[in-house]
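Accompanying notes for the structure given below.
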Amino acid sequence: MKKNKAIPIQHLIYKIRRQKVMLDSDLASLYDVELRALNQATKRNIGRFPSDFMFQLTQREWNFLRSQIVISKTIQGGRRYVPFVFTEQGISMLSSVLNSEHAVEVNINIMRAFVKLRHFVDTQIEKNEQIAELRKLLMLHFENNNYKFSEHDKAIGQIINALNNLIKKPKKTITIGFNTGKS
């Protein structure tokens, strides 16, 4: 069983199907249980894990994720099936299924990591909204002053262009893994 304890939990959270999830193998490592035991406990309590708590990756999603995080192929002794992933709610449910003090302790740390990620996203959204508001104000100033362009006005135009570039939506891509929003 590989140990992920040295890796910050935030790096084990991936974005798949617009949800933040963790792999069953990473969770098994964090909980210090065999993957087989985690999956058996989950299957014995499958009623606690609806599709918004846990789902199995498609082969395409798994191939893409495996290429991103360098997981061994089946020939080299790696996984032989497509993994399950758990959403925040599913991870919370896991602590009751595994029923150990260690599971509760790990869950607390995982929940804190999810809260940090949410806070980061909220902060980025707030920054983008502030940039958009500043851009509107500058555009109003620029449009309402009908006079010859001075160096000052050119500088304001450059600021508006820079702000527009900052808040442009990126091209649609498949997001797997933790995305900080930085390029």
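Structural remarks
- Single unsatisfied condition, Gln40 versus (1) modelled with pLDDT of 85 or more; (2) assigned to a loop (DSSP other than H, G, I, E, B): (2)
- Tally, over the range 38-62, of residues that are touching a residue at least 12 places away in the same chain (Cβ under 8 Å), under 13 Å from Thr87 (Cβ atoms) and loosely packed, with under 13 Cβ neighbours inside 10 Å: 1
- Leading residue by the ranking (farthest from Trp62 (Cα to Cα)) among those in the range 22-46 that are of a type in the set (A, V, I, L, M, F, W, C) and in contact with a Phe, Trp or Tyr (Cβ under 8 Å, 6 or more places away or on another chain): Leu38
The rows are residues; the columns are (1) surrounded by 12 or more Cβ atoms within 10 Å (Cβ to Cβ); (2) touching a strand residue (DSSP E or B) at 6+ places or on another chain (Cβ under 8 Å); (3) within 16 Å of Met22 (Cβ to Cβ); (4) among the β-branched types (Val, Ile, Thr).
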| residue | (1), (2), (3), (4) |
| --- | --- |
| Ser92 | yes, no, yes, no |
| Val97 | yes, no, yes, yes |
| His102 | yes, no, no, no |
| Phe114 | yes, yes, yes, no |
| Phe120 | yes, no, no, no |
| Ile125 | no, no, no, yes |
| Asn128 | yes, no, no, no |
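- The range 19-36: number of residues that are in a loop (DSSP other than H, G, I, E, B) and in contact (Cβ under 8 Å) with a residue 40 or more places away in the chain: 2
- Any hit, the range 51-70, residues being over 21 Å from Gln10 (Cβ atoms), modelled with pLDDT of 80 or more and of a type in the set (Lys, Arg): yes
- Scan the range 44-70 for residues that are of a type in the set (D, E, K, R) and within 13 Å of Gly90 (Cα to Cα) and the total you get is 2.
- Restricting the first member to the range 78-107 and to residues that are touching a residue at least 12 places away in the same chain (Cβ under 8 Å) and of a type in the set (D, E, K, R), and the second to residues that are assigned to a loop (DSSP other than H, G, I, E, B) and surrounded by 15 or more Cβ atoms within 10 Å (Cβ to Cβ), the beta-carbon pairs closer than 8 Å and six or more apart or on different chains are Arg79/Ile71.
The values are calculated or read from the model by the stated rules, or taken from the named source; none is laboratory data. These figures come from a predicted structure and were not determined experimentally. Don't worry about glycine lacking a Cβ; one is built from the backbone with ideal geometry, like all the others, and counts go over all protein chains shown.
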